[in-house]
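Below is one structure, written out as structure tokens; the observations come after it.
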């Protein structure tokens with residue numbers, strides 16, 4: 001992602017958050033001093049879905065217990081706590 005694309009993406013996220021169309025959550029370490037990843041709940045872009053759910057972790061945690069726990073947690077959290085009927089879980093489509 002280029003710097004210009006990243007800035008445009010951040011501006012889009014900011015507008016969606018302000019209008020309560022998108023929700024973003026930081027995954028922090030235990031003492032909340034370092035970003036470990038993020039979880040995104042975005043408006044749908046795929047036909048037949050009502051939300052786009054994606055998440056990532058920093059490179060140092062790829063293949064770790066944190067990644068496995070997040071991969072298990074996010075789908076369960078969306079199913080149990082959010083009102084979506086047909087969320088798409090996976091990489092964002094932009």
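Quick look at the numbers
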| quantity | calculated |
| --- | --- |
| Qualifying residues in segment 19-28 (those that are outside any strand (DSSP E or B) and under 19 Å from residue 85 (Cβ atoms)) - the one farthest from the chain's Cα centre (by Cα) | 20 |
| Failed criterion for residue 84 (all others in (1) part of a loop (DSSP other than H, G, I, E, B); (2) modelled with pLDDT of 95 or more; (3) out of contact with any strand residue (DSSP E or B) (no Cβ under 9 Å at 6 or more places or on another chain) hold) | (3) |
| For residue 53: the one exception among (1) assigned to a strand (DSSP E or B); (2) modelled with pLDDT of 95 or more; (3) out of contact with any helix residue (DSSP H, G or I) (no Cβ under 9 Å at 6 or more places or on another chain) | (3) |
| Long-range neighbours under 6 Å by Cβ, at least six apart or interchain, first residue surrounded by 10 or more Cβ atoms within 10 Å (Cβ to Cβ) within segment 45-72, second assigned to a loop (DSSP other than H, G, I, E, B) and at pLDDT 95 or above | 49/86; 50/84; 50/85; 50/86; 51/84 |
| Tabulated pairs, segment 11-24, first at positive phi and surrounded by 13 or more Cβ atoms within 10 Å (Cβ to Cβ), second at pLDDT 85 or above and in a loop (DSSP other than H, G, I, E, B), C-beta under 8 angstrom, 6+ apart or interchain | none |
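Yes or no, residue by residue, for (1) within 13 Å of the chain's Cα centre (by Cα); (2) in a loop (DSSP other than H, G, I, E, B):
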position: 11; (1), (2): no, no
position: 17; (1), (2): yes, no
position: 30; (1), (2): no, yes
position: 38; (1), (2): yes, no
position: 47; (1), (2): no, yes
position: 75; (1), (2): yes, no
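The values are calculated or read from the model by the stated rules, or taken from the named source; none is laboratory data. What you see is a predicted model, and the numbers here were worked out from it, not measured in a lab. Reconstructed Cβ throughout: ideal geometry from the backbone, glycine too, with neighbour counts over all protein chains shown.
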